[in-house]
Structure formats: structure tokens, C-alpha cells
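The values are calculated or read from the model by the stated rules, or taken from the named source; none is laboratory data. Please read these numbers as outputs of a predicted model, since none were measured by experiment. When we count neighbours, we look across all protein chains shown, and the Cβ atoms used for this are built from the backbone with ideal geometry, even at glycine. These accessible areas exclude ligands, DNA and RNA; they are computed on the full protein's heavy atoms, side chains included. Shrake-Rupley method; radii C 1.70, N 1.55, O 1.52, S 1.80 Å.
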Amino acid sequence: MESRESIAGRKSEADELTIQNDVVETELQDEKDTEEMEMDRELQKLEEQLKASGKKPFLAARIVPKPSVFVWFLAAFASIGGQLFGLDQSLISGAELYIPSDLHIDSSRMSMITGFMALGAVFGALCVYPVNELLGRKYAVIVACLLYTTGAILEAAAGSFGVLLSGRLILGTGIGVETGTIPPYISENCAKKWRGGLVSLYQVNINLGLLFGYITAAIFVDVSGNWRWMLGSSLLFSTILLIAMLFLPESTRWLMRKGKKVDSYLVWKHVRGLETFEEKQEFFRMETLVLEELEASKTRWILLDFIRRPRCRRAVVYAVLLQLVVQQFSGINSVLYYMAPLMERTGLSPQNAVYTSLIGGGTVFLSTIPAIYFMDRLGRRPVLLTLIPGVSVGLFIIGFSFKATNVKVEEGIYIWGVVVYEFFWGSCLGPTPWVVASEVYPTYLRSTGVGINAFVAYLGTFTTTYAFTDMLDAMTPTGTFVGLYNGVVIFGGIYLLFFMPETKNLTLEEMDQLFERPTKEIVRENWENTKQVWRDLLHFRFREVWKLS
């Protein structure tokens with residue numbers, strides 16, 4: 001039996017340890033209080049400078065004064081840009097059934113009209129960096145709206161192949177600029193706990209645009225000049241986005257980079273708030289990192305950092321492979337752009353093909369909504385790796401539907417495959433690449449990095465739409481969907497299993513620490529986590545696999 005002295009000694013050690021912990025906690029709290037007092041003094045100076053400058057809050061802040069509500073207001077309206085991209089994909093799908101006979105063009109020229117929007121978007125993506133650096137995020141989106149509006153007018157009024165193709169290229173340029181601008185604009189203006197969900201709103205709006213496009217095509221399918229009404233209807237959405245952007249602020253980080261600290265403070269105060277210690281700390285950390293990066297960029301050509309700095313190189317390789325290979329070559333553009341023609345190929349009439357396309361559009365929209373919730377609660381990695389097998393299953397069903405000998409059976413299996421494919425694609429491969437692109441790059445390279453992602457995204461779109469009809473002839477529909485697209489999805493899933501890091505709940509500045517780690521360290525950690533996941537699954541510990549936070 002233990003002696004009283006031994007028990008008393010252990011109790012004394014425990015009491016001493018508790019006292020030491022209390023002392024450490026007190027010291028940490030004192031340091032936190034001191035830091036907060038210093039930050040409050042600096043914020044008071046900024047408030048005095050703001051009053052002296054006479055600057056007023058931007059218009060939207062007067063309408064929605066509460067920061068926790070305003071950030072959703074900002075993301076909701078800025079994300080309308082996603083609808084412009086989604087609209088084009090579904091509108092051209094219905095319009096291309098009628099354009100050839102009206103303008104007397106062959107299938108080769110029709111492929112150019114379908115695919116060259118993406119070529120224009122490739123050029124627009126190349127313009128993302130200079131336009132963002134020169135004008136800022138807000139006015140880059142406004143420029144994109146003006147380009148989109150001009151292109152849509154030319155499309156609707158086109159009397160020849162040349163005019164229609166020019167409209168497609170101009171419209172595509174606008175889409176390329178806004179795609180490379182809106183995700184970082186939202187990301188830079190929201191807190192880390194909401195970033196994944198708010199940036200996912202952009203993909204939700206792409207899919208909402210898809211649905212609106214199919215609905216619009218169905219509305220005008222029996223109207224004289226139907227394809228002109230279809231393509232011209234997109235003007236409504238570009239006008240809404242243009243008006244909304246006039247009321248919204250500039251990005252806080254872009255303003256800080258341009259030396260406009262007071263303006264950055266004004267926007268942060270209304271968009272993010274400065275009530276808590278964490279909000280204040282993130283504002284000043286953002287300032288420190290932005291200024292450090294800006295100073296470093298003066299001594300070298302910063303674009304070479306994508307090759308020279310391991311941290312930047314890891315980020316761009318990961319983001320580009322996820323965007324170009326896994327997302328774009330999963331076959332989504334071929335399915336969306338050619339939804340109605342593929343439906344017609346299974347035996348439906350042109351009108352019924354347009355109506356049936358609503359099923360796919362509705363599925364991909366509804367499937368994206370849960371991503372807003374799960375992207376920040378479960379994390380990017382669990383969402384993607386859990387749902388990507390469903391994308392593969394959908395591609396198998398679509399590919400083998402063309403082997404059916406009965407037309408009705410072929411139609412039914414094809415629609416089933418589209419629903420399965422678009423449900424899982426919309427939940428994981430739709431939003432995740434854009435969320436990743438908006439958060440993995442350092443501030444001074446974010447415009448360029450997201451521009452690169454937009455560039456490769458539209459390069460993939462162009463490749464898989466312009467050459468799609470030739471791919472069907474060369475490889476057959478089954479070979480295209482099962483052999484090519486599904487093969488890419490399977491190998492892409494294996495790549496992500498080993499190389500995809502988790503970025504949930506990290507500030508944009510904390511991303512630097514993550515990507516400074518060697519790749520082999522990330523792979524080793526992912527492999528250990530994967531083994532643990534399988535052990536949890538085998539023992540039915542599902543809550544350990546999918547942890548909500």
C-alpha cells in the first residue's frame with residue numbers, strides 16, 4: 001500500500017503543475033491583452049485618418065451595415081458572375097440545334113461556334129493579371145461585364161457566321177476575366193471559417209446559370225428566331241452583375257498591396273468587422289505579410305517564383321492538376337455543351353431534347369448546394385475523395401448507354417447516367433478546384449495564380465468541346481466517356497489521395513506554412529491518414545471518417 005508521504009508528494013506535484021499551467025495561461029493572456037491594446041491604438045489612428053479623409057462607406061455597406069450579414073451579401077451578388085459562364089454552356093446547347101439551318105453552316109463551323117467561346121476565355125484568362133493589377137478586382141469584373149454584354153448583343157444580332165463567331169470570342173474574353181477575378185475577390189473579403197462555402201457559391205451560380213439556360217432554351221424553343229432569343233437572354237444577367245458591382249467594395253488585400261491602408265481598413269471594418277481579437281489580429285497579419293511580399297517583389301521578377309520558390313511551385317502544380325486534369329477532363333464540358341445534341345442522338349426530337357436537358361441542369365444545380373455546407377464543415381479533401389467514385393460510376397453508365405439496342409432503353413440509361421454523373425460532379429469536382437485556386441496562392445501571386453487556373457480551365461473546355469464530335473467519331477461514345485474521361489477521373493482520384501493537402505480553417509496567410517512543407521511529407525501524412533480512414537471504416541467508426549466542425 002502506498003504511503004501517505006508518497007500520495008502527498010504526488011498531490012504536491014500535481015498542484016505545482018496546475019499552478020505552472022495557470023501561470024503560463026496568465027502570461028499568455030497578458031501578452032494577448034497587450035497585443036490587443038496595441039492593435040486598438042493602431043485602429044484608433046486609422047479611424048482618425050479615415051474621418052480626416054472624409055471618405056464614406058461604400059454604397060452596399062449603407063444598405064447592409066452588419067458585417068456578418070454583409071459578407072454573404074457580397075458573395076451572393078459577386079457570384080452572379082458564375083451564372084454568366086453556366087448560361088452560355090446551356091444556352092448554346094439548345095441554340096446549336098437551330099443555328100446551322102438558319103445561318104447555313106456545316107458541322108465543322110458549328111463546332112467552332114460552340115468551342116471558340118472557350119478560346120476567347122483563354123485569352124481573357126491571360127488578361128486577368130494585368131487587368132487586376134491595373135484596375136483592381138472590382139473594376140476587372142465590371143470590364144468583364146461590358147465585354148460579355150457586347151458579345152451577347154453580337155450573338156443575338158448575328159446575320160453571318162463571322163459576326164456570330166466574333167460575338168462568341170468577345171463574350172468568352174469577358175468570361176475568362178471574371179472567372180479569374182471573382183473567386184479571389186470573394187476569398188480575400190471573407191473570414192477563413194466561411195471561405196470554402198462562400199467561394200463555393202460561385203460554382204453554385206455556374207450551375208444555377210446552367211439551369212436558367214436550359215429553362216430559357218425551353219421557353220424560346222418554339223418562338224420564331226428561337227436561338228437569337230436564347231443567346232440574347234444572357235444580357236439580363238450581365239446587367240444585374242454590372243449594377244451590383246457598382247455598389248460593392250474593392251478587395252481589402254488588393255487595397256493594402258496598393259498602399260491604401262485607410263481604404264483597406266474601411267472595407268475590412270464593414271465587410272469583416274473588427275470586434276474580436278481574431279479579426280483585429282488577422283487584419284494586421286494580413287498587412288504585415290502583404291507588405292513583406294510587396295517589398296520582396298521589388299527585387300525580383302515575381303512570376304518566376306512559380307518555378308523558383310518551392311512553396312509557390314507546389315501550389316501551382318496542385319491547383320493546375322486539380323483544375324485542368326481532374327475537373328476539365330472529367331467530361332463535364334462535353335456533357336453540358338452537347339446536352340441537347342446528345343439527347344437528340346439517343347432518338348429524341350430537337351424540341352424534346354431541349355426539354356429533357358432540364359433534368360441534367362436541375363441535377364447539377366441541386367447537387368452543388370450541399371457543397372456550401374460541407375466544404376467548410378468536413379473539409380476539401382473528405383468531400384472530394386468521398387464523392388469522386390460517384391463521378392466514375394456516372395461516366396460508366398453514360399458510356400455504356402450507347403450500347404443499348406433499343407432506343408427507349410438507350411434514352412433511359414443515358415438520362416440515368418447523366419443524373420448520377422452530374423449529381424456527384426456538382427458536389428465535389430464542381431466547386432473544389434475554384435475554392436482551392438482562390439486560397440492556395442500567396443497574396444502577391446493570387447491574381448496570377450487564379451489567372452493560370454482560369455487559363456487552363458478554359459483550355460480544357462476548348463479542347464473537350466471543339467474536338468468532341470471528332471472524339472466521338474474516332475473513339476465512339478463509349479470509348480470517349482468510359483475509356484478517356486473515366487480513365488482521367490480514376491487516375492486523378494489516385495493523385496489526390498496522395499498529394500492533396502487539407503486547407504480547411506486556414507487563413508490565407510497560414511497557407512504559406514502548409515505549402516512550405518516538402519511534398520514527400522504531405523504524401524506521407526496523407527498515406528497515414530488514408531490507412532486510418534480504412535481502419536475506421538472497417539470498424540464502422542463513420543463519425544471519425546466524416547468529422548463535422
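Before moving on, here are some points about what is shown:
- Net charge, residue 116 excluded, C-beta distance under 11 Å - Lys, Arg +1, Asp, Glu -1: +2
- When each of 66/193; 66/504; 193/531 is checked by Cα-Cα distance, pairs over 21 Å: 66/504; 193/531
- Residue-span extension gain [residue 490 to residue 369] - 0.36 nm each, minus C-alpha spacing: 41.1 nm
- For trypsin sites (Lys or Arg not before Pro), the sites in the range 244-306 that DSSP calls loop and that have at most 11 other Cβ atoms within 10 Å are 298, 300.
- Quotient of the Cα radius of gyration of the range 418-486 and 2.2 N^0.38 Å, N being its number of residues: 1.40.
- Rounded to the nearest 20, the Cβ-based charge dipole of the chain about its Cα centre (Lys and Arg +1, Asp and Glu -1) stands at 900 debye.
- 45 Å tail of the calculated P(r), the chain, as % of Cα pairs: 20 percent
- Percent RCO, i.e. relative contact order, over the chain, from Cα pairs under 8 Å lying at least 6 residues apart: 21 percent
- Computed about the Cα centre, the dipole magnitude for the range 132-218 is approximately 320 debye when only Lys and Arg (+1) and Asp and Glu (-1) carry charge, each at its Cβ.
- Considering only 519, 223, 356, the residue lying farthest towards the positive end of the dipole of the chain is 223, judged by Cα position with unit charges set on Cβ.
- Coil-residue trypsin sites (Lys or Arg not before Pro) of the range 51-151, DSSP, other Cβ within 10 Å capped at 14: 55
- Estimated distance in nm for a label pair at residue 530 and residue 352, the labels positioned 7 Å out from Cα along Cα-to-Cβ: 4.6 nm
- Among complete DSSP H helices in the chain, those whose alpha-carbon atoms stretch at least 20 Å along the helix's long axis and whose mean Kyte-Doolittle hydropathy reaches 1.0 are 107-126, 137-157, 161-179, 380-401.
- Computed extension length for residue 304-residue 224: 23.4 nm, one decimal, from 0.36 nm per residue of separation with the Cα-Cα distance subtracted.
- Residues 288, 216, ordered by accessible area of protein heavy atoms at a 1.4 angstrom probe radius and largest first, appear as 288, 216.
- The chymotrypsin sites (Phe, Trp or Tyr not before Pro) found in the range 276-340 that occupy coil by DSSP, while having at most 11 further C-beta atoms within 10 Å, are 301.
- Within the chain, longest stretch free of exposed GluC sites (Glu not before Pro) [DSSP loop, at most 11 other beta carbons within 10 Å]: 276-549
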